[in-house]
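Working notes, structure below.
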Amino acid sequence: MKGKHYAGQGNIPWIPVVGSLKYYSCGPFGCWGVNRLDQIFVKLDVSGDSCKGSDRWYPVQGSLSLVEVGSDGSVYGVNRNGVVFKRLGIDACNPFGGRWWALRAAGVARHVSYDRGILWVVCKDGRVQRCQV
């Protein structure tokens, strides 16, 4: 992955993060990103004190338009067809998880947001759904 993104340390200065992504979200076990080809990547060794983490991005099987990570490490995403997925098996010992699981949503998803056991889905028609997971 080429290009640079910037991660803040405190208020400033900003430091470069290697990679070129259209979507980036972090949690306690690492940061997940999606590039312009909808390929999924994970960066490890990222913390609140060190946004940069390692310079290595690990590819993850699958194809998503965006990925969201909650404060508990849960990872959700939406593919180009508007299907919502959850990454199963993520924990401190296995920050990559095991596989993607498709969720049923009432409509075609455009965006998801997750934290504290609540998944929010914004549908392409503008409706917002809330689900306790």
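The values are calculated or read from the model by the stated rules, or taken from the named source; none is laboratory data. If you're wondering where the values come from, they're calculated on a predicted model, not measured in any experiment. In this analysis, Cβ positions are derived from the backbone assuming ideal geometry, glycine residues included, and neighbour counts consider all displayed protein chains.
For every residue, the table says whether it meets (1) hydrophobic (A, V, I, L, M, F, W, C); (2) modelled with pLDDT under 80; (3) surrounded by fewer than 18 Cβ atoms within 10 Å (Cβ to Cβ).
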| site | (1), (2), (3) |
| --- | --- |
| Lys22 | no, no, yes |
| Cys26 | yes, no, no |
| Arg36 | no, no, yes |
| Ile40 | yes, no, no |
| Arg56 | no, no, yes |
| Gly70 | no, no, no |
| Phe85 | yes, no, no |
Check: Quick check: anything in the stretch 111-121 assigned to a loop (DSSP other than H, G, I, E, B), closer than 22 Å to Leu21 by Cα, modelled with pLDDT of 95 or more and touching a strand residue (DSSP E or B) at 6+ places or on another chain (Cβ under 6 Å)?
Finding: no
Next item on the list: Kindly provide the set of residues from the stretch 108-123 that are under 13 Å from Val69 (Cα atoms), buried (at least 16 other Cβ atoms within 10 Å of the Cβ) and hydrophobic (A, V, I, L, M, F, W, C), ordered by number.
Entry: Val112, Leu119
Note to self: Which residue is nearest to Gln39 (Cα to Cα), if the candidates are limited to the stretch 55-110 and must be without any contact (Cβ under 8 Å) to a residue 12 or more places away in the chain and either in contact with a strand residue (DSSP E or B) (Cβ under 9 Å, 6 or more places away or on another chain) or aliphatic (A, V, I, L, M) (or both)?
What the structure shows: Gly98
